[in-house]
Amino acid sequence: MSKTGGGRGTNQHKIRGASQAKSASTTAGESVISLDPGISETPDLWGITEDMTLSTPETSINHSAAEYHSFVDSVAVDINAALSWQHRRYQQGEHEELYAAKQRIIDKFGGEDRAIVAVGERVAARAEELAGMTSEQARQRHAERLRQAQAAADQADQLVKSREECGGNVRLHQLSRENGEWEYAHKLMAIEFQAENGDSKSIALLKDTGALLDELGTPPSLAAVEYVSQEVERYQNRKAQRHVNLIQAGVDDESREDLAKLAAGYREAVAEVRETGGDLTFHERSQPKAVAALQDAAQIFPADWVKASNERIGTSQQRVTTIGTMNTFRNSAPVAKFWPKKRVHYNDLKRHEVKKKRPLSTLIQGDITRTLYDPKSGRSTSPYVEYRPLPDTPITVEDWPELNSTQIDEHNSEVASLGRRVRPAYVEVSYERDYSYRNHDERPRGTGWEWWTDPTGEADPGWRRKEHRMSREEIHIAPEIAVTAEDGLPGVAPTLRSAAHELTHRMEYSVPGLSQAERAFYQRRTEDHELSRIPGLQGEYYRDGGFPSAYMGKDYSVKRVDNQAFELMSCGMEALYGGGYGGLVGVGRHRADEEYRAFVLGTLATVGRTGPGGL
């Protein structure tokens, strides 16, 4: 744990004035953030009074909507100013307004990240009010479900063990094939198999032994009845244990419904203080399925963030250089891809090659008398090549598929400026020949075949067609964002979790102040912690900040120079809106981290504003 007392679990921080900021500490069990306006000499611009406290899940203080909006908007102004001052690295005396805002944040809260957490506490309280459920209630409901499920599993397990201890088990090999016991058992096995695969009728039968016996028919013997009874008990035991495992992981239906209620509350609470949603711009080579997933996820982000992502693109496409015969384009519109099995990711600078199938050819400039070209007939004397002279007029890719777009542009540019070609040019096209068909009336299988004759009459005629190959036509330098589908919350798209996660990384490179806010929170929570390997991930490192998952503390500075990306907001968005990591409220195996949740909500409510509450 860091010396600054980064919040862990449900513990909260008591924020005091600048004179006490360095000695501020976390006291276990505190549930109210008190703000002391009397310590700082700066004017109280946020309207905070002595009796005004920030609600947490443990309290039921209901702030009015007007007070809620006023507090968030006013604090957001100074948060964005402070982050802007930090981002641009101004010295004291430069841009006094920004510096004064930073000082107010330090005096009132102790730092930008603490101010964001304070706002996030208000947003969380409002979200829980709208959802009709607090994080504490979600944890208690989960704990009670787990207790009941574990009790049922223990009871089912005890029934199986009691039968084994009494020696009442009937083995399958003990059943007779002659009197129908074997067939009777296999009918039961078929019902169990269907139940394991979700068949509702089979599941209902295994819950009612009487109905199951009716379905199976008259038992051939008492041993067959005993076998059915013991197999039903074993099935119920397995089912009860699986239910326990689902609840422990926080992915049972009830847990997912509770997290979905909270997620809906987060959406509404953020939307009350800030416009959300919008249409993202993507590269023309994006996959429609991925674009749809990311557009859906964009609706939970602030509209200012969506706008910032689009404004970062600039011109839609710009040729920056030519490598050989390939144009290279710089385009910051992300290429969206859907990867069902590969690891999803966001890469802010990736090389994308555009390949097309074209006839195998070579562009020859100048004299071709030393080639196989016959000037009398204007044709080749070989069945394996042919020559096409370039005209002194503009050409198109439809008429000249042997040339790529760069070669066509160069030819048209020369003709347009000079009225003709300076030097003659020919396209040497390669052909393949089929010697198995020597008769003009018998065409080989496939398309593109033509009958060739030697203009000099020396070679035998035959069938030939153009050779093709995949050719690199263009190179696009553009971001890439890959998403996939996975289990999420009810009522939302299965792609929301991965799309929200990866889209947040896009925002880190687009939204002013976002990475600075994450860095401040990350440094406070991970202070004095050394780098460690992330369990299960080779070559990736993290710092322990008491987060629900080690991956949230991933340190990108090991591999990246810019240190622009973190996993705090990306994993936080995945948790709050997709149900991952127990929603950060302790539903499932992951421990609760209320301060982390408040940081995510506070960031959504304040950072990167360009309208009210912004710069």
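The values are calculated or read from the model by the stated rules, or taken from the named source; none is laboratory data. In this text the structure is predicted, and so the values were computed from the model without any measurement. No Cβ is skipped: glycine too gets one built from the backbone with ideal geometry, and neighbour counts run over all protein chains shown. Heads up: the accessible areas ignore ligands, DNA and RNA and are worked out on the full protein's heavy atoms, side chains in. Shrake-Rupley method; radii C 1.70, N 1.55, O 1.52, S 1.80 Å.
Remarks
- If you bin all the Cα-Cα distances of the range 462-615 at 5 Å, starting from zero, the percentages per bin are 2, 8, 14, 19, 19, 14, 8, 4, 3, 2, 2, 2, 1, 1, 1, 0.
- Rolling a 1.4 Å probe over the protein heavy atoms leaves HIS505 with an accessible area of roughly 10 Å².
- Seen from SER549, the other residues with C-beta closer than 12 Å to its C-beta sum to a net charge of -1, counting Lys and Arg as +1 and Asp and Glu as -1.
- The stretch between SER221 and LYS559, if pulled fully straight at 0.36 nm per residue, gains 114.7 nm over its current Cα-Cα span.
- Gyration tensor verdict on the range 326-481 (Cα atoms; rounded if a/c is under 1.5, prolate if a/b is larger than b/c, oblate otherwise): oblate
- Whole-percent carbon and sulfur share, accessible surface of the range 206-279, 1.4 Å: 48 percent
- Under 15 Å, Cβ to Cβ, from PRO383 - net charge with Lys/Arg +1 and Asp/Glu -1: -4
- Protection proxy ranking, highest mean first, for peptides 248-261, 195-208: 248-261, 195-208, where packing is the per-residue count of other beta-carbon atoms within 10 Å, averaged.
- Other residues within the sphere of radius under 9 Å centred on the Cβ of SER498, judged by their own Cβ, net out at -2 (K and R +1, D and E -1).
- Scanning residues 5 or more positions from SER380 or on other chains, those with amide H under 5 Å from its amide H are ASP374, TYR387, with H placed 1.01 Å from N in the peptide plane.
- Point-to-point label distance, ARG351-LYS161, nm (Cα→Cβ direction, 7 Å offset): 6.2 nm
- Compactness of the range 410-524, taken as the C-alpha radius of gyration over 2.2 N^0.38 Å, stands at 2.21.
- Between amide H atoms placed 1.01 Å from N, distances below 5 Å from GLU473 occur with VAL354, LYS355, LYS356, all of them 5 or more places distant or on a separate chain.
- Centroid-to-centroid separation of the range 120-146 and the range 358-388 [C-alpha atoms, Å]: 77 Å
- With contacts taken as Cα pairs under 8 Å at a separation of at least 6 residues, the range 114-244 carries a relative contact order of 34 percent.
- Alpha-carbon gyration tensor eigenvalues x 5, square-rooted, for the range 525-615, Å: 24, 19, 11
- The calculated FRET efficiency for THR610 paired with ASP399, based on their beta-carbon distance and R0 = 56 Å, is about 0.70.
- The separation of the range 477-542 from the range 554-605, counted between C-alpha centres, amounts to 7 Å.
- LYS289 accessible area, 1.4 Å probe, all protein chains in place, Å² to nearest 10: 130 Å²
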